[in-house]
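Read the structure below first, then the notes.
The values are calculated or read from the model by the stated rules, or taken from the named source; none is laboratory data. This structure is a prediction, so every number in the text was calculated from the model and none was measured. Here the Cβ positions follow ideal geometry from the backbone for every residue, glycine too, while neighbour counts run over all protein chains shown.
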Amino acid sequence: MSQFRFSVGPWNVHEGRDAFGPEVRPSIAFAEKVKKFKAIGFSAVQFHDDDAVPKMNEMTDAQIRAAARDVRKILDDNGMAAEFVAPRLWEDPRTIDGGFTANDPKERDFAIWRGLRSVDIANELGADKIVLWLAREGTLCFESKNPVEGVNRLVEAINRILEYDKKIRVLIESKPNEPIDRSFCPTLGHVMAIGYRTVDPNRVGGLLESAHAILAGLDPAMEIAFALSFGKLWSVHLNDQNGLKYDQDKTFGVENLRQAFNEVRVLIENNYGSKGEYVGLDVKAMRTQKLAESYQHLRNSLQIFKMLEEKARKFDYAFQAKCIAERNYEVLEMYVLEHLMKA
Ligand code: XUL
Ligand code: MN
């Protein structure tokens, strides 16, 4: 049994397209995914705005709201909640140069429009969180944007969302690179700093993704702890990553079990989830996976998380305290490894 509630996005069951090859599995309908998510053990779905309302660019604001209500029904029918909505600001031709930080003011207006429609969709789905994964907010060519103005524009965009809806909360999902080369908001430290410059810092927090922290050369458990100490860890995307390369979104814990253990332990020790926060899993199946096994990576991630939860509960805190008192960290480290390896 887990003390946590888990969430997942429809993009986590996907067709297998990568940068070098096309889809290898057919699409699965959203309603079928939701049913399967529930059966596997998830209790909430995370959305991009156009996961909920696919043709939203061609629709009026009222039509977008109505379409979102149809999605709410699918969630309700399956006893599932919506955790957040994230504007997808990286696929449209108008977001080639970024969204909120594009050089062209018309493109920035489009990004704000998507941000505000995400709030409308969230309200219809019963979610009070907007997640900003700032995919293209940064530079491919350093000299192509004024970096101070870039950060200022992020603050302004968040202000527009906060002012549009006085209840909505904004979570920034930091990532140092990919698809952008240099991001304006690479880590949770940057997230905190940007949040405090907005018109309502109390409604701005962070989402930590393990792989993104690793890409920044950081330990995700330390990033989790940093945001927790500010009371600002409002969601997580747990997964794993083999070193500094493309964003892999591997099954949680498969690359660095000790690091994954510490992510889980820090969450437990700090009562993460007690204010309704979900444990999100942002994992992707390998391209080699066959259609019938499209959900195995989700099952595996959940199972590994729960096994690590068990390990965290059985952690010998008295022994840890003794090692700390004796400043014998070699023995402490060996204890952790033995604890993880024993049956
Ligand atoms: C991208 C990423 C996204 C966000 C949601 O690296 O993690 O899936 O989590 O937009
Ligand atoms: Mn993510």
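What to note about this one:
- Close pairs (8 angstrom Cβ cut-off, 6 or more residues apart or separate chains): away from ligand 2 (no atom under 13 Å from the Cβ) in the stretch 220-242, hydrophobic (A, V, I, L, M, F, W, C) and at pLDDT below 95 anywhere: none
- Residue list for the stretch 1-52, filter: of a type in the set (Lys, Arg) and within 16 Å of ligand 2 (Cβ to nearest atom): none
- Count of residues meeting criterion [farther than 16 Å from His212 by Cβ and touching a Pro at 6+ places or on another chain (Cβ under 9 Å)] in the stretch 125-160: 3
- Pairs with Cβ under 8 Å, 6+ apart, first in the stretch 1-18 and more than 20 Å from Phe305 (Cβ to Cβ), second crowded, with 18+ Cβ neighbours inside 10 Å and among the small types (Gly, Ala, Ser): His14/Ala285; Gly16/Ala285
- Cβ pairs under 6 Å, 6+ apart, first in the stretch 29-54 and of a type in the set (D, E, K, R), second buried (at least 19 other Cβ atoms within 10 Å of the Cβ) and in a strand (DSSP E or B): Asp49/Val85
- When restricted to residues that are more than 18 Å from Leu302 (Cβ to Cβ), among the polar types (S, T, N, Q) and under 14 Å from the mean Cα position of the chain (by Cα), the stretch 228-258 contains 1.
- Applying the criterion of at least 3 residues that are charged (D, E, K, R) and more than 26 Å from Val155 (Cα to Cα) to the helices (runs of 4 or more DSSP H) found wholly in the stretch 1-118 leaves 30-40, 61-77.
- Checking each residue in the stretch 37-61 for being under 17 Å from Leu291 (Cα atoms) and surrounded by 17 or more Cβ atoms within 10 Å (Cβ to Cβ) picks out only Phe37.
- Of all residues in the stretch 289-304, those satisfying the criterion of being in contact (Cβ under 8 Å) with a residue 24 or more places away in the chain and out of contact with any strand residue (DSSP E or B) (no Cβ under 7 Å at 6 or more places or on another chain) are Gln289, Lys290, Leu291, Ser294, Tyr295, His297, Arg299, Asn300, Ile304.
- Single match in Phe319, Phe305, Phe315, Phe261 (criterion: more than 25 Å from the chain's Cα centre (by Cα) and assigned to a helix (DSSP H, G or I)): Phe319
- Ile268 vs. criteria among the β-branched types (Val, Ile, Thr), on the phi < 0 side of the Ramachandran plot and within 15 Å of ligand 1 (Cβ to nearest atom): no
- One residue alone among Lys314, Lys275, Lys342, Lys322 is surrounded by fewer than 17 Cβ atoms within 10 Å (Cβ to Cβ) and closer than 21 Å to Ala227 by Cβ, and that residue is Lys275.
- Flag if Gln248 is more than 25 Å from Asp128 (Cα to Cα) and either in contact with a Lys or Arg (Cβ under 7 Å, 6 or more places away or on another chain) or within 16 Å of ligand 2 (Cβ to nearest atom) (or both): yes
- Test: Tyr164 is out of contact with any helix residue (DSSP H, G or I) (no Cβ under 7 Å at 6 or more places or on another chain) and farther than 18 Å from Gly98 by Cβ: no
- A single entry from Ile121, Ile96 fulfils the requirement of being among the β-branched types (Val, Ile, Thr) and without any contact (Cβ under 8 Å) to a residue 60 or more places away in the chain: Ile96.
- Answer residue from the stretch 176-228, given it is charged (D, E, K, R) and within 17 Å of Lys129 (Cβ to Cβ) and is farthest from ligand 1 (Cβ to nearest atom) among those: Asp200
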